[in-house]
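To keep things clear, I will list the structure first and then write my remarks on it.
The values are calculated or read from the model by the stated rules, or taken from the named source; none is laboratory data. Model, not experiment: these values are computed from the prediction. A quick note on method: Cβ atoms are made from the backbone with ideal geometry, for glycine too, and the neighbour counts reach across all protein chains shown. Areas reflect the complete protein model, heavy atoms only, side chains present, ligands, DNA and RNA absent. Shrake-Rupley method; radii C 1.70, N 1.55, O 1.52, S 1.80 Å.
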Amino acid sequence: MRVTTKLFATLRRGRFDIDTFDLPEGATVDDIITKLGIPENEVTLIFVNGRRADRATQLADGDSVALFPPVGGG
Amino acid sequence: MKELNDFLSKNAQGDLIPWQAQVQAAEELGLSLRDVEKAALTLNLLPARYQRNRQTISTADQLKLFESKVAVIGCGGLGGYIIEELSRLGVGTIKAVDPDVFEEHNLNRQVLCRVSNLGKSKARAAEVRVHEINPAVKVIPIKDAFSRYNGMKLLEDIHVVADALDNVPTRIDLARVCETLEIPLVHGTIGGWYGQVTTQWPGEGTIQKIYRDCAETQGVERTLGNPAFTPAVIASLEVAEICKALLDQGTSLRQRMLFINMLDMEIDEIQVC
């Protein structure tokens, strides 16, 4: 299945802004994070098709995933 | 009071009260500038300093802002600009909460920080600065850290709270206290080229939703730091949200968050519900 992934802020560094790639059926958001080599604590906001999701969310063909890092400074 | 009202009516230029007249009224009648400002606004006269607020903020709304109490939690990068803008806007009471003193590494971005106040209290600096800009505004400086233990007391009687904190756990505590007290919380946070803004209204639990998967105390700012422009941008968006919440105008960032990327100049809106 084809899934589009959009990365935000620092997650883009050395990766991409937006990309579409093939994943095996039944893949989850966690599989994308692992595939991209993003350390566990660097993603805290996950959206699939604009709706809040989490690492365990199962993906379907045509889904769009957005990943954000945490921001906490003031 | 009649004496003051007569003085103001006599010295009004159109419906504006010049600063000089405000000062003279206070001196001659033994009142505070704050008393005079309130009396002027109540008479539907606008202190001339606010004349460029007009069309955006009516005199009746200016009185509403004058009677409003906003707590700014954190007086660093975000908090400094928020306090500066609230005082120029004419918000009558600002509670400025921060346990820290200024350090050299604050000079790159914290508008309240200057060479001459290094080592001095940030909360107290807020009071000094506001007094220079708008002496009719009352600042209540609190040199203490916000916590779940003192939060209820600190936010008593506050209409809107500004989140200008620098860490995630205290922010979650602040959001919980605001939920309990049913106070709107305008959230802003920054890191490097990036920032985010939203407003948590009572019962919506927005901040906890945003940070529910964040086990860390800090975010990207830990490695990126914060340059001069990011706090200014995010603080200004927060103040716009505060102003609207106080005046019940416009459309709030309710259950949606702006994520701002100043490196690529992108603004994304995220649904938080």
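Quick notes
- The lone exception for B:A136 - which of (1) open to solvent by 10 Å² or more (accessible area, probe 1.4 Å); (2) more than 21 Å from B:G76 (Cβ to Cβ); (3) more than 14 Å from every other protein chain (Cβ to nearest Cβ) it fails: (1)
- Residue within region B:235-242 that is open to solvent by 50 Å² or more (accessible area, probe 1.4 Å), among the charged types (D, E, K, R) and farther than 22 Å from A:I46 by Cα present: no
- Scope region B:243-273; condition modelled with pLDDT of 95 or more, of a type in the set (S, T, N, Q), open to solvent by 20 Å² or more (accessible area, probe 1.4 Å) and touching a strand residue (DSSP E or B) at 6+ places or on another chain (Cβ under 7 Å); matching residues: B:S252, B:Q255
- Any hit, region A:20-29, residues being open to solvent by less than 10 Å² (accessible area, probe 1.4 Å) and without any contact (Cβ under 8 Å) to a residue 60 or more places away in the chain: yes
- Qualifying position, being part of a helix (DSSP H, G or I), facing chain A (nearest Cβ under 8 Å) and of a type in the set (K, R), among B:K209, B:K244: B:K209
Matching residues to (1) within 13 Å of chain A (Cβ to nearest Cβ); (2) part of a loop (DSSP other than H, G, I, E, B); (3) buried (at least 24 other Cβ atoms within 10 Å of the Cβ):
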site	(1), (2), (3)
B:R52	no, no, no
B:I57	no, yes, no
B:A71	no, no, yes
B:G80	yes, no, yes
B:E84	no, no, no
B:V91	no, yes, yes
B:H105	yes, no, no
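- The set of residues in region A:35-44 that are buried (at least 16 other Cβ atoms within 10 Å of the Cβ) and more than 7 Å from chain B (Cβ to nearest Cβ) comprises A:L36, A:I38, A:E42, A:V43.
- Only listed residue being open to solvent by less than 30 Å² (accessible area, probe 1.4 Å), within 11 Å of chain A (Cβ to nearest Cβ) and at positive phi, chosen from B:G188, B:G192: B:G192
- Residue match in region B:155-168 (condition: within 12 Å of chain A (Cβ to nearest Cβ), among the charged types (D, E, K, R) and farther than 17 Å from B:M257 by Cα): yes
- Sole residue being part of a loop (DSSP other than H, G, I, E, B), of a type in the set (G, A, S) and within 12 Å of the chain's Cα centre (by Cα), chosen from A:G62, A:G37, A:G14: A:G37
- Per the listing A:T10, A:T5, the residue uniquely β-branched (V, I, T), buried (at least 20 other Cβ atoms within 10 Å of the Cβ) and within 11 Å of chain B (Cβ to nearest Cβ) is A:T10.
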